[in-house]
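A short write-up of the structure that comes next.
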Amino acid sequence: MIRSKLKTLMGKATAALAALAVATAIWLPSLHLFYRKPLSNFYQEKGISPKANELAARHLRLWTEPALRQAELKKMRSSNAEWDFMGRSFLVWSLVNMGLREPQMKEQYLPVIDQIIQETVRIENQDGIYAFLMPYAKARSYVVKPARSLFLDGEIALMMGARRMLQEEPAYKQPMTERLKFIEKGLRANRVMALESYPDECWTFDHAVAMVAFKIADRLDGTDHAELCKQWIVLAKIHLVHQETGLLVSSYQTDGTQLDGPEGSTIWMVVHCLQVVDEAFARDQYERARKELGRITLGFGYGVEWPSSWQGPRDIDSGVVIPGLEVSAGSSGMAFIAASSFKDGDFLRSLATTLDMAAFPSRKSGQLKYCASNQVGDAAILYASVLGPLWERTRKP
């Protein structure tokens, strides 16, 4: 009798497990359908998508309510002062693109853009370059004296240039020009055209941003940095390409010695910027990055931080990396920007599906934030949802 009961129980357990396996096989491939929305909900060629409007509303509130903004910035700066700075940059670039998309709204955006730029420059002047850098910047001396960070110079110049592209503001012309002169002088003084962001640490991300700033200056002021940008591309292909993947590495020393190999948190933004400098090279790099670092699994898109041929240390840029699938928060966030830039609709839609499933969206009074993200992450997502017009205007003959 005991054997009979045990056999019956085992039969029922086996049947239950089989049913669970069948249900899982049906359910898992369909899970993404609960979160999948039309791509137009995230990005539109003309106008502004619903999600972009909701994200922007949240950011505009942060900059019009000081107490709310200070609480958000305090939370971010406790982890990484860079996030405070980059959140400012991505928001300025986003609002410029939004103003170009809907010119009737630019009067609402311009005061916030100016507030961000002016406060950022004030903090830098008051507290020095280390105000927006991680603590290890003070661990050693910069190779080039006096110390400057391309991370700051490039993004501030691009913020000023982007603002001027939306509506000219003479007060930004001279400081923008001065920063670009420092960058140009430093690039020309180095045999591999490498400038430090941290002591003897150069980032491809920051150089790509600086190249766009040069292009915008040429468009605005009639200067000509075409040869300078072309020369940087030539040297990058010689010194900064990872042999196994053909991707640009993320960081290197002032003599061109590679430090970190290709990283998703860097290369996705690099390819976006290089669209303005060398479209063919940017496209090649995007396709390589898409192959090496972009993933779609069961309808959910994400980015991994490193290609299989190179594994780097986990750091603040890569963010949380989920073992097994190797999903990287940093790479996934930046992948939105690249996929949007190159009109990769399938990848972009799958990324948006993952965002709505895993990032815990919170909506209140027409405002959207992602509880699993922070201000800089949300600002980067906003940028991906509105980018396009600024680059198009920059490339116009």
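The values are calculated or read from the model by the stated rules, or taken from the named source; none is laboratory data. Keep in mind it's a predicted model, so treat the numbers as computed, not measured. Don't worry about glycine lacking a Cβ; one is built from the backbone with ideal geometry, like all the others, and counts go over all protein chains shown.
For the range 97-115, which residues satisfy the criterion of being over 13 Å from Ala162 (Cα atoms) and either at pLDDT below 95 or in contact with a Phe, Trp or Tyr (Cβ under 7 Å, 6 or more places away or on another chain) (or both)?
Val112, Gln115 - these are the residues of the range 97-115 that are over 13 Å from Ala162 (Cα atoms) and either at pLDDT below 95 or in contact with a Phe, Trp or Tyr (Cβ under 7 Å, 6 or more places away or on another chain) (or both).
Against the condition among the hydrophobic types (A, V, I, L, M, F, W, C) and modelled with pLDDT of 75 or more, how does Ala71 come out, does it pass? Working first, answer last.
Working: among the hydrophobic types (A, V, I, L, M, F, W, C): yes; modelled with pLDDT of 75 or more: yes.
The answer is yes for Ala71.
Say we look at the range 297-316 and pick out the residues that are among the hydroxyl-bearing types (Ser, Thr, Tyr) and in a strand (DSSP E or B); which of these is modelled with the highest pLDDT?
Tyr302
Taking interchain pairs and intrachain pairs at least six residues apart, which have beta carbon atoms under 6 angstrom, with the first residue in the range 56-71 and assigned to a loop (DSSP other than H, G, I, E, B) and the second surrounded by 13 or more Cβ atoms within 10 Å (Cβ to Cβ)?
The qualifying pairs do not exist here.
Quick one: how many residues across the range 341-361 are among the aromatic types (Phe, Trp, Tyr) and under 20 Å from Ala289 (Cα atoms)? Please lay out each step first, then the result.
So in the range 341-361, the residues among the aromatic types (Phe, Trp, Tyr) come out as 342, 347, 360.
From the residues that got through so far, the ones that are under 20 Å from Ala289 (Cα atoms) too are 342, 347.
Residues in the range 341-361 being among the aromatic types (Phe, Trp, Tyr) and under 20 Å from Ala289 (Cα atoms): 2 in total.
Residues in the range 167-197 that are of a type in the set (Phe, Trp, Tyr) and buried (at least 21 other Cβ atoms within 10 Å of the Cβ): how many?
Residues in the range 167-197 being of a type in the set (Phe, Trp, Tyr) and buried (at least 21 other Cβ atoms within 10 Å of the Cβ): 1 in total.
Is one or more of the residues making up the range 102-116 within 22 Å of the chain's Cα centre (by Cα), over 11 Å from Trp63 (Cβ atoms), crowded, with 16+ Cβ neighbours inside 10 Å and touching a residue at least 12 places away in the same chain (Cβ under 8 Å)?
Within the range 102-116, not a single residue is within 22 Å of the chain's Cα centre (by Cα), over 11 Å from Trp63 (Cβ atoms), crowded, with 16+ Cβ neighbours inside 10 Å and touching a residue at least 12 places away in the same chain (Cβ under 8 Å).
Give the residue, chosen from Tyr136, Tyr130, that is free of Cβ contacts under 8 Å to residues at least 60 places away in the same chain, of a type in the set (Phe, Trp, Tyr) and assigned to a helix (DSSP H, G or I).
After applying the criteria, what remains is Tyr130.
Report yes if some residue within the range 218-225 is modelled with pLDDT of 95 or more, surrounded by fewer than 23 Cβ atoms within 10 Å (Cβ to Cβ) and in contact with a Phe, Trp or Tyr (Cβ under 9 Å, 6 or more places away or on another chain); otherwise report no. If you could, list the steps in order and put the result at the bottom.
Going through the range 218-225, the residues modelled with pLDDT of 95 or more turn out to be 218-225.
Then keep just the ones that are surrounded by fewer than 23 Cβ atoms within 10 Å (Cβ to Cβ); that gives 218-225.
Okay, now just the ones that are also in contact with a Phe, Trp or Tyr (Cβ under 9 Å, 6 or more places away or on another chain), so 223, 225.
Yes, the range 218-225 contains at least one residue that is modelled with pLDDT of 95 or more, surrounded by fewer than 23 Cβ atoms within 10 Å (Cβ to Cβ) and in contact with a Phe, Trp or Tyr (Cβ under 9 Å, 6 or more places away or on another chain).
Using the structure shown, decide if Gly324 is out of contact with any Gly (no Cβ under 6 Å at 6 or more places or on another chain), modelled with pLDDT of 90 or more and at positive phi.
On the way: out of contact with any Gly (no Cβ under 6 Å at 6 or more places or on another chain): yes; modelled with pLDDT of 90 or more: no; at positive phi: yes.
So Gly324 does not fit the description; no.
I'm trying to understand the selection: among the residues of the range 331-352, which are buried (at least 18 other Cβ atoms within 10 Å of the Cβ) and more than 19 Å from Ile48 (Cα to Cα)?
Ser331, Ser332, Gly333, Met334, Ala335, Phe347, Ser350 - these are the residues of the range 331-352 that are buried (at least 18 other Cβ atoms within 10 Å of the Cβ) and more than 19 Å from Ile48 (Cα to Cα).
Inside the range 241-296, can you point out the residues that are of a type outside the set (Val, Ile, Thr), assigned to a loop (DSSP other than H, G, I, E, B), at negative phi and in contact (Cβ under 8 Å) with a residue 24 or more places away in the chain?
Across the range 241-296, the qualifying residues are His242, Glu244, Leu247, Ser250, Gln253, Asp255, Gly261, Pro262, Glu263, Gln275, Asp278.
If you check Ala162 against the conditions, is it in contact with a strand residue (DSSP E or B) (Cβ under 6 Å, 6 or more places away or on another chain) and either of a type in the set (Ser, Thr, Tyr) or surrounded by 16 or more Cβ atoms within 10 Å (Cβ to Cβ) (or both)?
Values: in contact with a strand residue (DSSP E or B) (Cβ under 6 Å, 6 or more places away or on another chain): no; either of a type in the set (Ser, Thr, Tyr) or surrounded by 16 or more Cβ atoms within 10 Å (Cβ to Cβ) (or both): yes.
Spelling it out, it is not the case that Ala162 is in contact with a strand residue (DSSP E or B) (Cβ under 6 Å, 6 or more places away or on another chain) and either of a type in the set (Ser, Thr, Tyr) or surrounded by 16 or more Cβ atoms within 10 Å (Cβ to Cβ) (or both).
Out of (1) farther than 26 Å from Leu133 by Cβ; (2) free of Cβ contacts under 8 Å to residues at least 24 places away in the same chain, the odd one out for Leu220 is which?
Leu220 satisfies all of (1) farther than 26 Å from Leu133 by Cβ; (2) free of Cβ contacts under 8 Å to residues at least 24 places away in the same chain except (2).
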